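Asker: Dropping a structure here in C-alpha coordinates format, bear with me for questions.
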Amino acid sequence: MSKLALKGGTPLRSEPYPAWPMTHGDVELNALKKVLDSGVWGTLGPEAMKFNENFAKYQGANYAVGMTNGTVTLEVLLRALDIGRGDEVIVPPYTFNATVSSVLFLGATPIFVDIESDTFNMDATKIEPLINDKTKAIIPVHVGGRSCDMDAIMAIAKKHNLYVVEDAAHSVGSTWKGVGLGTIGDAGSFSFQNSKNLTSGEGGAITTNSKELYDKCFSIHHCGRDMESGIWYDHPFLGTNSRLTEWQGAILNSQMDRLDQHIETREDNAAHLTKRLKELPFIETFKEDERVTRNAYHLFLFKYKKAANKDIPKQKFVEALQAEGIPLAPGYVPLYRQAMLTSPQAKRVLNADAPSYPDLHLPVVERIGDEEGMWLVHNILLGNHKDMDDIADAMIKVYENADELKD
Ligand SMILES: Cc1ncc(COP(=O)(O)O)c(C=O)c1O
(Lines give C-alpha, C1' and ligand atoms only; values in the text may rest on other atoms or scores of the structure.)
Protein backbone atom coordinates (compact mmCIF):
# COMPACT_ATOMS: atom_id res chain seq x y z
CA MET A 1 0.00 0.00 0.00
CA SER A 2 1.21 3.53 -0.86
CA LYS A 3 2.48 5.73 1.96
CA LEU A 4 2.42 9.05 0.07
CA ALA A 5 -0.85 11.00 0.12
CA LEU A 6 -0.42 11.77 -3.59
CA LYS A 7 -0.65 8.02 -4.21
CA GLY A 8 -3.58 7.38 -1.89
CA GLY A 9 -1.81 7.24 1.49
CA THR A 10 -2.81 9.24 4.59
CA PRO A 11 -1.65 12.89 4.54
CA LEU A 12 0.91 13.80 7.19
CA ARG A 13 -1.15 16.85 8.12
CA SER A 14 -4.87 17.54 7.90
CA GLU A 15 -5.03 20.76 9.95
CA PRO A 16 -5.03 23.93 7.86
CA TYR A 17 -2.29 26.53 8.32
CA PRO A 18 -3.35 30.01 9.53
CA ALA A 19 -5.67 31.59 6.96
CA TRP A 20 -5.03 35.04 5.52
CA PRO A 21 -6.21 37.75 6.01
CA MET A 22 -6.86 36.38 9.47
CA THR A 23 -6.40 39.07 12.08
CA HIS A 24 -9.31 41.39 12.56
CA GLY A 25 -11.58 42.32 15.40
CA ASP A 26 -13.32 45.25 17.03
CA VAL A 27 -10.59 47.66 15.97
CA GLU A 28 -11.34 47.07 12.28
CA LEU A 29 -15.11 46.91 12.78
CA ASN A 30 -15.18 50.20 14.68
CA ALA A 31 -12.92 51.88 12.14
CA LEU A 32 -15.17 50.80 9.25
CA LYS A 33 -18.31 51.87 11.13
CA LYS A 34 -16.73 55.26 11.76
CA VAL A 35 -16.12 55.71 8.03
CA LEU A 36 -19.66 54.57 7.24
CA ASP A 37 -21.16 57.10 9.63
CA SER A 38 -18.82 59.92 8.64
CA GLY A 39 -20.23 60.36 5.13
CA VAL A 40 -16.66 60.65 3.80
CA TRP A 41 -15.95 57.43 1.95
CA GLY A 42 -13.22 58.59 -0.39
CA THR A 43 -11.23 61.41 -2.02
CA LEU A 44 -8.40 62.17 0.38
CA GLY A 45 -10.42 61.73 3.55
CA PRO A 46 -8.94 61.65 7.08
CA GLU A 47 -8.21 57.88 7.13
CA ALA A 48 -6.29 57.96 3.83
CA MET A 49 -4.32 61.04 4.86
CA LYS A 50 -3.58 59.55 8.30
CA PHE A 51 -2.38 56.37 6.62
CA ASN A 52 0.07 58.37 4.48
CA GLU A 53 1.62 59.72 7.66
CA ASN A 54 1.51 56.39 9.52
CA PHE A 55 3.06 54.44 6.67
CA ALA A 56 5.83 56.97 5.99
CA LYS A 57 6.75 56.87 9.67
CA TYR A 58 6.64 53.07 9.88
CA GLN A 59 8.83 52.53 6.84
CA GLY A 60 11.12 55.47 7.71
CA ALA A 61 10.39 57.66 4.67
CA ASN A 62 9.79 61.40 4.59
CA TYR A 63 6.62 60.89 2.54
CA ALA A 64 4.13 58.20 1.55
CA VAL A 65 1.06 58.29 -0.64
CA GLY A 66 -1.50 55.50 -0.39
CA MET A 67 -3.01 54.39 -3.70
CA THR A 68 -5.42 51.84 -5.13
CA ASN A 69 -2.86 49.04 -5.62
CA GLY A 70 0.81 48.20 -6.03
CA THR A 71 0.66 48.11 -9.83
CA VAL A 72 -0.54 51.67 -10.22
CA THR A 73 2.05 52.85 -7.68
CA LEU A 74 4.80 51.68 -10.06
CA GLU A 75 3.11 53.35 -13.03
CA VAL A 76 2.68 56.62 -11.11
CA LEU A 77 6.33 56.57 -10.00
CA LEU A 78 7.67 55.91 -13.49
CA ARG A 79 5.45 58.66 -14.88
CA ALA A 80 6.58 61.05 -12.14
CA LEU A 81 10.21 60.28 -13.07
CA ASP A 82 9.35 61.11 -16.69
CA ILE A 83 10.16 57.63 -17.95
CA GLY A 84 8.53 56.85 -21.28
CA ARG A 85 8.91 55.75 -24.85
CA GLY A 86 12.42 54.75 -25.89
CA ASP A 87 13.74 54.67 -22.32
CA GLU A 88 15.12 51.43 -20.92
CA VAL A 89 14.48 50.18 -17.40
CA ILE A 90 16.45 47.32 -15.85
CA VAL A 91 14.18 44.77 -14.17
CA PRO A 92 14.54 41.27 -12.70
CA PRO A 93 12.66 38.38 -14.34
CA TYR A 94 11.83 36.67 -11.02
CA THR A 95 8.95 38.85 -9.87
CA PHE A 96 5.24 39.49 -10.27
CA ASN A 97 4.07 40.70 -13.65
CA ALA A 98 3.43 44.30 -12.47
CA THR A 99 7.16 45.10 -12.11
CA VAL A 100 7.45 44.70 -15.87
CA SER A 101 3.95 45.59 -17.12
CA SER A 102 4.31 49.02 -15.48
CA VAL A 103 7.41 49.72 -17.59
CA LEU A 104 5.62 48.68 -20.78
CA PHE A 105 2.54 50.62 -19.78
CA LEU A 106 4.64 53.78 -19.80
CA GLY A 107 5.95 52.85 -23.24
CA ALA A 108 9.44 52.09 -21.95
CA THR A 109 11.50 48.95 -22.62
CA PRO A 110 12.15 46.38 -19.88
CA ILE A 111 15.70 45.01 -19.89
CA PHE A 112 16.04 41.83 -17.88
CA VAL A 113 18.98 41.11 -15.60
CA ASP A 114 19.56 37.63 -14.18
CA ILE A 115 19.09 36.85 -10.49
CA GLU A 116 21.29 35.61 -7.67
CA SER A 117 20.98 31.93 -6.96
CA ASP A 118 21.07 32.39 -3.19
CA THR A 119 18.48 35.18 -2.77
CA PHE A 120 16.43 35.08 -6.03
CA ASN A 121 16.94 38.90 -6.13
CA MET A 122 18.42 40.75 -9.11
CA ASP A 123 22.15 40.12 -9.49
CA ALA A 124 23.81 43.53 -9.16
CA THR A 125 27.07 42.22 -10.65
CA LYS A 126 25.26 41.70 -13.98
CA ILE A 127 23.66 45.15 -14.27
CA GLU A 128 26.46 47.30 -15.67
CA PRO A 129 26.87 45.55 -19.06
CA LEU A 130 23.17 46.27 -19.72
CA ILE A 131 23.49 50.04 -19.25
CA ASN A 132 23.57 52.36 -22.26
CA ASP A 133 22.49 55.93 -22.96
CA LYS A 134 18.82 54.90 -23.08
CA THR A 135 18.88 53.39 -19.58
CA LYS A 136 16.93 55.54 -17.14
CA ALA A 137 16.16 53.41 -14.10
CA ILE A 138 16.61 50.18 -12.18
CA ILE A 139 13.71 48.45 -10.42
CA PRO A 140 15.11 46.12 -7.75
CA VAL A 141 12.45 43.79 -6.33
CA HIS A 142 13.08 42.63 -2.76
CA VAL A 143 11.70 39.16 -3.40
CA GLY A 144 9.81 37.71 -0.46
CA GLY A 145 10.85 40.65 1.75
CA ARG A 146 14.62 39.99 1.69
CA SER A 147 16.53 43.10 0.63
CA CYS A 148 18.46 43.21 -2.63
CA ASP A 149 22.12 44.23 -2.37
CA MET A 150 21.24 47.90 -2.10
CA ASP A 151 24.86 48.99 -1.57
CA ALA A 152 25.84 47.61 -4.96
CA ILE A 153 22.69 48.79 -6.75
CA MET A 154 22.89 52.34 -5.39
CA ALA A 155 26.59 52.57 -6.32
CA ILE A 156 25.81 51.58 -9.93
CA ALA A 157 22.86 53.98 -10.09
CA LYS A 158 25.02 56.81 -8.79
CA LYS A 159 27.84 56.09 -11.24
CA HIS A 160 25.46 56.02 -14.24
CA ASN A 161 22.98 58.62 -13.04
CA LEU A 162 20.00 56.24 -12.96
CA TYR A 163 16.85 56.32 -10.90
CA VAL A 164 16.19 53.48 -8.47
CA VAL A 165 12.55 52.53 -7.86
CA GLU A 166 12.39 49.77 -5.24
CA ASP A 167 9.55 47.35 -5.79
CA ALA A 168 8.96 46.70 -2.11
CA ALA A 169 5.57 45.01 -2.56
CA HIS A 170 6.72 42.17 -0.26
CA SER A 171 8.67 44.31 2.18
CA VAL A 172 6.53 46.20 4.67
CA GLY A 173 8.80 46.36 7.74
CA SER A 174 11.91 44.92 6.02
CA THR A 175 15.22 46.75 6.45
CA TRP A 176 18.68 46.87 4.91
CA LYS A 177 21.41 47.88 7.38
CA GLY A 178 18.61 49.15 9.63
CA VAL A 179 17.04 51.34 6.92
CA GLY A 180 13.49 50.70 5.72
CA LEU A 181 13.16 49.25 2.23
CA GLY A 182 11.53 51.64 -0.20
CA THR A 183 13.50 54.54 1.31
CA ILE A 184 16.97 53.78 -0.05
CA GLY A 185 16.38 54.38 -3.76
CA ASP A 186 14.57 57.41 -5.18
CA ALA A 187 11.27 55.80 -4.25
CA GLY A 188 9.56 52.62 -3.10
CA SER A 189 6.39 50.91 -4.24
CA PHE A 190 4.25 48.79 -1.89
CA SER A 191 1.23 46.52 -2.36
CA PHE A 192 -1.59 45.88 0.13
CA GLN A 193 -3.38 43.34 -2.05
CA ASN A 194 -5.19 40.50 -0.30
CA SER A 195 -2.18 38.18 0.04
CA LYS A 196 0.22 40.84 1.38
CA ASN A 197 1.54 41.12 4.94
CA LEU A 198 -0.37 44.41 5.39
CA THR A 199 -3.61 44.29 3.45
CA SER A 200 -6.81 46.13 2.71
CA GLY A 201 -7.87 43.62 0.05
CA GLU A 202 -6.44 45.89 -2.62
CA GLY A 203 -4.17 48.86 -2.01
CA GLY A 204 -0.69 50.22 -2.41
CA ALA A 205 1.60 53.11 -1.48
CA ILE A 206 4.64 54.93 -2.72
CA THR A 207 7.37 56.13 -0.39
CA THR A 208 10.05 58.72 -1.07
CA ASN A 209 12.34 61.13 0.74
CA SER A 210 12.10 63.69 -2.08
CA LYS A 211 9.54 66.48 -1.68
CA GLU A 212 9.60 67.08 -5.42
CA LEU A 213 8.84 63.45 -6.27
CA TYR A 214 6.19 63.27 -3.56
CA ASP A 215 4.44 66.35 -4.95
CA LYS A 216 4.47 64.90 -8.46
CA CYS A 217 3.16 61.51 -7.34
CA PHE A 218 0.50 63.11 -5.19
CA SER A 219 -0.68 65.20 -8.12
CA ILE A 220 -0.60 62.31 -10.61
CA HIS A 221 -2.61 60.04 -8.30
CA HIS A 222 -5.10 62.89 -7.81
CA CYS A 223 -5.98 63.39 -11.51
CA GLY A 224 -2.93 65.59 -12.21
CA ARG A 225 -4.27 68.43 -10.07
CA ASP A 226 -2.12 71.40 -9.09
CA MET A 227 -1.60 70.98 -5.36
CA GLU A 228 -0.23 74.51 -5.00
CA SER A 229 -3.16 76.33 -6.56
CA GLY A 230 -5.71 73.99 -4.98
CA ILE A 231 -8.08 74.79 -7.87
CA TRP A 232 -10.22 71.66 -8.31
CA TYR A 233 -10.48 71.74 -12.10
CA ASP A 234 -6.87 72.75 -12.78
CA HIS A 235 -4.87 69.77 -14.18
CA PRO A 236 -1.34 70.79 -15.17
CA PHE A 237 -0.04 67.20 -15.12
CA LEU A 238 -1.22 64.13 -17.00
CA GLY A 239 -2.58 62.21 -14.07
CA THR A 240 -4.96 59.45 -13.15
CA ASN A 241 -7.22 58.67 -10.24
CA SER A 242 -5.57 56.14 -7.97
CA ARG A 243 -6.65 57.54 -4.61
CA LEU A 244 -7.01 55.24 -1.63
CA THR A 245 -10.60 54.91 -0.35
CA GLU A 246 -11.47 55.60 3.27
CA TRP A 247 -12.36 51.92 3.70
CA GLN A 248 -8.86 50.94 2.68
CA GLY A 249 -7.31 53.66 4.84
CA ALA A 250 -9.33 52.61 7.89
CA ILE A 251 -8.38 48.95 7.56
CA LEU A 252 -4.73 49.72 6.94
CA ASN A 253 -4.51 52.11 9.90
CA SER A 254 -6.12 49.47 12.15
CA GLN A 255 -3.68 46.79 11.06
CA MET A 256 -0.47 48.77 11.47
CA ASP A 257 -0.16 47.96 15.17
CA ARG A 258 -0.06 44.23 14.42
CA LEU A 259 2.84 44.41 11.98
CA ASP A 260 5.82 44.18 14.31
CA GLN A 261 4.41 41.25 16.29
CA HIS A 262 3.71 39.39 13.04
CA ILE A 263 7.24 39.99 11.78
CA GLU A 264 8.73 38.73 15.05
CA THR A 265 6.65 35.55 14.83
CA ARG A 266 7.59 34.97 11.20
CA GLU A 267 11.30 35.57 11.85
CA ASP A 268 11.24 33.13 14.76
CA ASN A 269 9.43 30.45 12.74
CA ALA A 270 11.67 31.05 9.72
CA ALA A 271 14.75 30.48 11.91
CA HIS A 272 13.28 27.23 13.25
CA LEU A 273 12.26 26.01 9.80
CA THR A 274 15.67 26.90 8.35
CA LYS A 275 17.34 24.82 11.07
CA ARG A 276 15.13 21.85 10.22
CA LEU A 277 15.54 22.20 6.43
CA LYS A 278 19.33 22.38 6.77
CA GLU A 279 19.20 18.73 7.87
CA LEU A 280 17.77 17.69 4.49
CA PRO A 281 20.26 16.83 1.71
CA PHE A 282 17.83 17.83 -1.06
CA ILE A 283 16.98 21.32 0.28
CA GLU A 284 19.24 24.39 0.24
CA THR A 285 18.32 27.35 2.39
CA PHE A 286 19.72 30.85 1.81
CA LYS A 287 22.98 32.11 3.28
CA GLU A 288 22.35 34.87 5.78
CA ASP A 289 23.64 38.36 4.92
CA GLU A 290 24.10 40.46 8.05
CA ARG A 291 23.18 43.58 6.08
CA VAL A 292 19.64 42.15 5.81
CA THR A 293 18.69 43.44 9.25
CA ARG A 294 14.98 42.60 9.05
CA ASN A 295 13.09 40.31 6.71
CA ALA A 296 9.29 40.63 6.72
CA TYR A 297 9.12 37.13 5.19
CA HIS A 298 6.26 37.71 2.79
CA LEU A 299 7.66 34.51 1.28
CA PHE A 300 9.95 31.88 2.76
CA LEU A 301 12.12 30.92 -0.23
CA PHE A 302 14.47 27.99 -0.69
CA LYS A 303 15.95 25.66 -3.29
CA TYR A 304 15.18 22.05 -4.12
CA LYS A 305 17.94 19.77 -5.44
CA LYS A 306 16.39 16.89 -7.31
CA ALA A 307 19.71 15.07 -7.78
CA ALA A 308 19.69 14.42 -4.03
CA ASN A 309 16.08 13.20 -4.15
CA LYS A 310 16.16 10.38 -6.72
CA ASP A 311 15.69 12.88 -9.56
CA ILE A 312 12.07 13.58 -8.63
CA PRO A 313 11.30 16.76 -10.57
CA LYS A 314 10.32 19.97 -8.77
CA GLN A 315 6.69 19.95 -9.87
CA LYS A 316 6.17 16.39 -8.67
CA PHE A 317 7.84 17.18 -5.33
CA VAL A 318 5.56 20.22 -4.88
CA GLU A 319 2.46 18.17 -5.68
CA ALA A 320 3.53 15.47 -3.23
CA LEU A 321 4.01 18.05 -0.45
CA GLN A 322 0.66 19.66 -1.19
CA ALA A 323 -1.02 16.27 -0.93
CA GLU A 324 0.62 15.83 2.50
CA GLY A 325 -1.12 19.05 3.65
CA ILE A 326 1.78 21.45 3.13
CA PRO A 327 0.87 24.44 0.90
CA LEU A 328 4.21 24.56 -0.89
CA ALA A 329 4.26 26.74 -4.03
CA PRO A 330 6.49 26.38 -7.11
CA GLY A 331 7.19 30.13 -7.31
CA TYR A 332 7.57 32.49 -10.26
CA VAL A 333 8.47 31.58 -13.81
CA PRO A 334 10.90 33.84 -15.74
CA LEU A 335 8.82 36.85 -16.75
CA TYR A 336 10.45 37.31 -20.14
CA ARG A 337 8.56 34.20 -21.26
CA GLN A 338 5.21 35.97 -20.80
CA ALA A 339 3.20 36.50 -23.97
CA MET A 340 2.43 40.08 -22.91
CA LEU A 341 5.95 41.04 -24.03
CA THR A 342 5.23 40.00 -27.60
CA SER A 343 1.56 41.06 -27.58
CA PRO A 344 0.28 43.58 -30.16
CA GLN A 345 0.01 46.16 -27.35
CA ALA A 346 3.66 45.67 -26.42
CA LYS A 347 4.77 45.76 -30.05
CA ARG A 348 3.01 49.10 -30.47
CA VAL A 349 5.12 50.72 -27.73
CA LEU A 350 8.45 48.91 -28.09
CA ASN A 351 11.08 50.33 -30.42
CA ALA A 352 12.53 48.18 -33.21
CA ASP A 353 15.75 47.73 -31.24
CA ALA A 354 13.95 46.28 -28.19
CA PRO A 355 15.23 42.83 -27.19
CA SER A 356 13.66 39.74 -28.73
CA TYR A 357 12.30 38.42 -25.46
CA PRO A 358 11.54 34.86 -26.64
CA ASP A 359 15.24 34.49 -27.54
CA LEU A 360 16.41 35.62 -24.12
CA HIS A 361 17.95 32.97 -21.84
CA LEU A 362 19.18 33.86 -18.38
CA PRO A 363 20.62 30.73 -16.80
CA VAL A 364 20.06 31.31 -13.11
CA VAL A 365 16.43 32.40 -13.25
CA GLU A 366 15.63 29.51 -15.61
CA ARG A 367 17.18 27.00 -13.22
CA ILE A 368 15.40 28.54 -10.23
CA GLY A 369 12.07 28.90 -12.06
CA ASP A 370 12.07 25.47 -13.71
CA GLU A 371 13.93 23.24 -11.27
CA GLU A 372 14.85 24.64 -7.89
CA GLY A 373 12.90 27.63 -6.56
CA MET A 374 9.93 27.20 -4.24
CA TRP A 375 8.24 29.07 -1.43
CA LEU A 376 5.87 29.05 1.52
CA VAL A 377 3.66 32.12 2.00
CA HIS A 378 3.89 34.35 5.05
CA ASN A 379 0.75 33.22 6.89
CA ILE A 380 2.21 29.72 7.19
CA LEU A 381 4.97 31.34 9.25
CA LEU A 382 2.36 32.76 11.63
CA GLY A 383 1.87 29.27 13.07
CA ASN A 384 4.05 27.61 15.74
CA HIS A 385 7.19 25.44 15.72
CA LYS A 386 5.12 22.26 15.41
CA ASP A 387 3.62 23.72 12.20
CA MET A 388 7.17 24.24 10.92
CA ASP A 389 8.20 20.72 11.97
CA ASP A 390 5.32 19.31 9.92
CA ILE A 391 6.82 20.93 6.81
CA ALA A 392 10.22 19.31 7.35
CA ASP A 393 8.65 15.98 8.38
CA ALA A 394 6.44 15.93 5.27
CA MET A 395 9.55 16.51 3.14
CA ILE A 396 11.30 13.63 4.89
CA LYS A 397 8.25 11.43 4.25
CA VAL A 398 8.31 12.30 0.54
CA TYR A 399 12.08 11.70 0.42
CA GLU A 400 11.83 8.31 2.13
CA ASN A 401 9.07 7.20 -0.23
CA ALA A 402 10.33 8.90 -3.38
CA ASP A 403 10.21 5.61 -5.30
CA GLU A 404 6.42 5.88 -5.26
CA LEU A 405 6.71 9.04 -7.36
CA LYS A 406 8.68 7.42 -10.16
CA ASP A 407 6.48 6.93 -13.21
C1 LIG B 1 6.67 42.17 -6.56
C2 LIG B 1 5.31 42.74 -6.81
N3 LIG B 1 5.21 43.92 -7.44
C4 LIG B 1 4.01 44.49 -7.68
C5 LIG B 1 2.85 43.88 -7.30
C6 LIG B 1 1.54 44.50 -7.67
O7 LIG B 1 0.73 44.80 -6.59
P8 LIG B 1 -0.86 44.78 -6.70
O9 LIG B 1 -1.32 43.38 -6.76
O10 LIG B 1 -1.27 45.49 -5.43
O11 LIG B 1 -1.23 45.57 -7.90
C12 LIG B 1 2.89 42.66 -6.61
C13 LIG B 1 1.65 42.01 -6.15
O14 LIG B 1 1.42 40.84 -6.17
C15 LIG B 1 4.16 42.06 -6.38
O16 LIG B 1 4.25 40.88 -5.77
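Residues checked against (1) surrounded by fewer than 22 Cβ atoms within 10 Å (Cβ to Cβ); (2) out of contact with any Leu (no Cβ under 9 Å at 6 or more places or on another chain):
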| residue | (1), (2) |
| --- | --- |
| Asn54 | yes, no |
| Val65 | no, no |
| Thr71 | no, yes |
| Val76 | no, yes |
| Ala80 | no, no |
| Gly84 | yes, no |
| Glu88 | no, no |
| Pro92 | no, no |
| Ser117 | yes, yes |
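Asker: For the stretch 176-216, enumerate the residues that are over 20 Å from Asn161 (Cα atoms), part of a loop (DSSP other than H, G, I, E, B) and not charged (D, E, K, R).
Answerer: The answer is Gly178, Leu181, Phe192, Gln193, Asn194, Ser195, Asn197, Leu198, Thr199, Ser200, Gly201, Gly203.
Asker: Could you look through the stretch 188-201, keep only residues that are within 8 Å of the ligand (Cβ to nearest atom) and of a type in the set (Gly, Ala, Ser), and pick out the one that is surrounded by the fewest Cβ atoms within 10 Å (Cβ to Cβ)?
Answerer: Ser195
Asker: While we're looking at this one, here's another question. Might you let me know whether the stretch 363-382 holds any residue that is surrounded by 16 or more Cβ atoms within 10 Å (Cβ to Cβ), of a type outside the set (S, T, N, Q) and part of a loop (DSSP other than H, G, I, E, B)?
Answerer: no
Asker: Quick one: which residue in Lys50, Lys7 is in contact (Cβ under 8 Å) with a residue 12 or more places away in the chain, under 30 Å from Ile312 (Cα atoms) and surrounded by 13 or more Cβ atoms within 10 Å (Cβ to Cβ)?
Answerer: Only one candidate passes the filter, namely Lys7.
Asker: For the stretch 166-187, state whether one or more residues are among the aromatic types (Phe, Trp, Tyr), touching a residue at least 12 places away in the same chain (Cβ under 8 Å), assigned by TED's automatic domain parsing to the domain that holds Val76 and within 21 Å of Glu75 (Cβ to Cβ).
Answerer: Checked against the condition, which is being among the aromatic types (Phe, Trp, Tyr), touching a residue at least 12 places away in the same chain (Cβ under 8 Å), assigned by TED's automatic domain parsing to the domain that holds Val76 and within 21 Å of Glu75 (Cβ to Cβ), the stretch 166-187 yields no hits at all.
Asker: Restricting to the stretch 21-43, count the residues that are out of contact with any strand residue (DSSP E or B) (no Cβ under 9 Å at 6 or more places or on another chain), over 11 Å from Ala250 (Cα atoms) and surrounded by 12 or more Cβ atoms within 10 Å (Cβ to Cβ).
Answerer: Residues meeting the conditions: 5.
Asker: Also: With respect to Gln261, determine if the residue is closer than 26 Å to Gly145 by Cα, outside any loop (DSSP other than H, G, I, E, B), at pLDDT 95 or above and polar (S, T, N, Q).
Answerer: Here the answer is yes, as Gln261 does meet what is asked.
Asker: For the stretch 127-147, give me the residue count where each residue is within 16 Å of the ligand (Cβ to nearest atom), in a loop (DSSP other than H, G, I, E, B) and without any contact (Cβ under 8 Å) to a residue 60 or more places away in the chain.
Answerer: Looking only at that region, the number is 2.
Asker: Considering each residue of the stretch 202-215, count those that are surrounded by fewer than 24 Cβ atoms within 10 Å (Cβ to Cβ), touching a Ser or Thr at 6+ places or on another chain (Cβ under 9 Å) and under 12 Å from Val76 (Cα atoms), and give that number.
Answerer: Final tally of qualifying residues: 1.
Asker: Within the stretch 153-187, restricting attention to residues that are over 18 Å from Leu81 (Cα atoms) and touching a Gly at 6+ places or on another chain (Cβ under 7 Å), which residue is nearest to the ligand (Cβ to nearest atom)?
Answerer: Of everything passing the filter in the stretch 153-187, Ala169 is nearest to the ligand (Cβ to nearest atom).
Asker: I need the full set of residues from the stretch 358-407 which are in contact (Cβ under 8 Å) with a residue 12 or more places away in the chain and among the basic types (Lys, Arg), in order please.
Answerer: Selection gives Arg367, Lys397, Lys406.
Asker: Assess whether Glu288 counts as being more than 16 Å from the ligand (Cβ to nearest atom) and in contact (Cβ under 8 Å) with a residue 12 or more places away in the chain.
Answerer: It is false that Glu288 is more than 16 Å from the ligand (Cβ to nearest atom) and in contact (Cβ under 8 Å) with a residue 12 or more places away in the chain.
Asker: Now, a different point. Mind checking whether some residue in the stretch 301-311 is touching a residue at least 60 places away in the same chain (Cβ under 8 Å), touching a Pro at 6+ places or on another chain (Cβ under 7 Å) and surrounded by fewer than 17 Cβ atoms within 10 Å (Cβ to Cβ)?
Answerer: Yes, the conditions are met somewhere in the stretch 301-311.
Asker: Out of the residues in the stretch 10-20 that are surrounded by 12 or more Cβ atoms within 10 Å (Cβ to Cβ) and among the hydrophobic types (A, V, I, L, M, F, W, C), state the one that is nearest to Gln248 (Cα to Cα).
Answerer: Trp20
Asker: To continue, here is another question. Here is a check on your reading of the model: is Thr109 over 16 Å from the mean Cα position of the chain (by Cα), hydroxyl-bearing (Ser, Thr, Tyr) and closer than 19 Å to Gln345 by Cα?
Answerer: Yes; evaluated as a whole, the condition is true for this residue.
The values are calculated or read from the model by the stated rules, or taken from the named source; none is laboratory data. Being a predicted model, the structure only gives us computed values, none of them experimental. Glycine gets a Cβ as well: all are built from the backbone with ideal geometry, and neighbour counts include every protein chain shown.
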